Amino acid sequence: VQWPVEVRLTEAGPATVLVLAHSCRSTDGLGDIGPGWEYYLDMLIASRDGTPLPSFDHYYPSQQEYYLSLRPQ
C-alpha cells in the first residue's frame, strides 16, 4: 500500500509552519490512519520539547469513531 504524503514548510514570521497532506484514494482505513497521524504528530512535538512520549493506547481505538465519522455519507 502506498501512502503519498506531501510535506510543505512555510515561513511565518519567526516560526515555520509544517503542513503534511496525506492523499488517499478512498476513506477505507480512515479510523485507523487518523489516530496514527495524531499520535505521530504528538510524538514530534514531544521529541522537540523534550517531554515524555505519548502512548499509542491514548489514541487508538478511542479516536477511531471520530475519524470514521468524517467520511462522506
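The values are calculated or read from the model by the stated rules, or taken from the named source; none is laboratory data. Note that the coordinates shown come from a computational prediction; the quantities given were computed from them, not determined experimentally. FYI the Cβ positions are ideal-geometry reconstructions off the backbone, even for glycines, and counts take in every protein chain you see. Only protein heavy atoms, including side chains, enter the accessible area calculation; ligands, DNA and RNA are left aside. Shrake-Rupley method; radii C 1.70, N 1.55, O 1.52, S 1.80 Å.
Observations, loosely collected:
- Being of a type outside the set (A, V, I, L, M, F, W, C), open to solvent by less than 80 Å² (accessible area, probe 1.4 Å), modelled with pLDDT of 95 or more and more than 14 Å from the chain's Cα centre (by Cα) is a description that applies to Gly50.
- Members of the range 4-24 found to be under 13 Å from the mean Cα position of the chain (by Cα) and surrounded by fewer than 10 Cβ atoms within 10 Å (Cβ to Cβ), listed by number: Glu6, Val7, Val19, Ala21, Ser23
- Test: residue in the range 29-42 that is open to solvent by 60 Å² or more (accessible area, probe 1.4 Å) and more than 15 Å from the chain's Cα centre (by Cα): no
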